[in-house]
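Throughout, read-outs are computed from the coordinates displayed, never taken from laboratory work. A quick note: this is a predicted structure, and the numbers were derived from the prediction, not measured. In this analysis, Cβ positions are derived from the backbone assuming ideal geometry, glycine residues included, and neighbour counts consider all displayed protein chains.
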Amino acid sequence: MKPKAKNGSGLHAYLESLGVLSGTHEDIQAARKAYWKKRKRELAQDKREREHSFIVWLTDIQLRSVAEAAHDYGVSRTAFIKRSALSVAEKKRYVVNSVLVAELTTLLRLNYTALERVFDTCTLPEDVGIAVIERIEYLEQEILRIASQNKSSAE
């Protein structure tokens, strides 16, 4: 069962305006191909009007360096270059490796839990334990704050 075509806009309207809907399968396929070629060209022109692109020339060594750094952060080379440039331009630190942030958060929480156990067994003075636990909580909040700031600014 075929889905109903939308009348009045898009591909169906284009095919109808050409009068190929009652034609052969080959005629319809050729018209569809022409429509999508035209549509993709229009979308590319719109994007060029809204956004800007740059060509960056890199030596083999520079390319390898960028590719390795991008791989380490888990992003494409293009995304790495874009995010790095924006972080410098906006004077923000660049933290994109969400896996690393999650690992750091987990490690801080494990330390927090271990300190709570030590604190509960009375092997650590109460004031020292509270100070250390508060410091770990502060570090965790700072890591999450920096990660969320940079995630939203790097997009």
Cβ density ranking, 10 Å radius, fewest first, applied to I61, I136 yields I61, I136
Summing +1 per Lys or Arg and -1 per Asp or Glu among the other residues with Cβ less than 14 Å from L43's Cβ gives +4
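Could you compute the net charge surrounding K33? Neighbours are other residues with a C-beta less than 12 Å from the C-beta of K33; K and R count +1, D and E count -1. Show your work: numbers first, answer last.
On the way: positive: R32, K37, K38, R39, K40; negative: E26, D27.
Local net charge: +3.
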Checked against the positive end of the charge dipole of segment 1-82 (+1 on Cβ of Lys and Arg, -1 on Cβ of Asp and Glu, about the Cα centre), the farthest of L63, S22, L43 is S22
The ³J(HN,Hα) series, computed from each phi in segment 38-44 with the Karplus coefficients 6.51, -1.76 and 1.60 at θ = phi - 60°, rounded to the nearest Hz and given as x for glycine or proline, is 5, 5, 5, 5, 4, 5, 5
The extension gain from Q29 to R145, computed as 0.36 nm times the residue separation minus the Cα-Cα distance, is 36.5 nm
Expressed in nanometres to one decimal, the distance between label points 7 Å along Cα→Cβ at L107 and A89 is 3.3 nm
Taking every other residue with Cβ under 15 Å from the Cβ of S65 and scoring Lys and Arg +1, Asp and Glu -1, one gets -1
L63 and L100 label points (each 7 Å along its Cα→Cβ direction) are spaced in nm at 2.5 nm
By the mean-Cβ-within-10 Å protection proxy, highest first, 29-35, 18-24 rank as 29-35, 18-24
Label model pair E137, S53: point-to-point distance (7 angstrom along the Cα→beta-carbon line) in nm is 5.1 nm
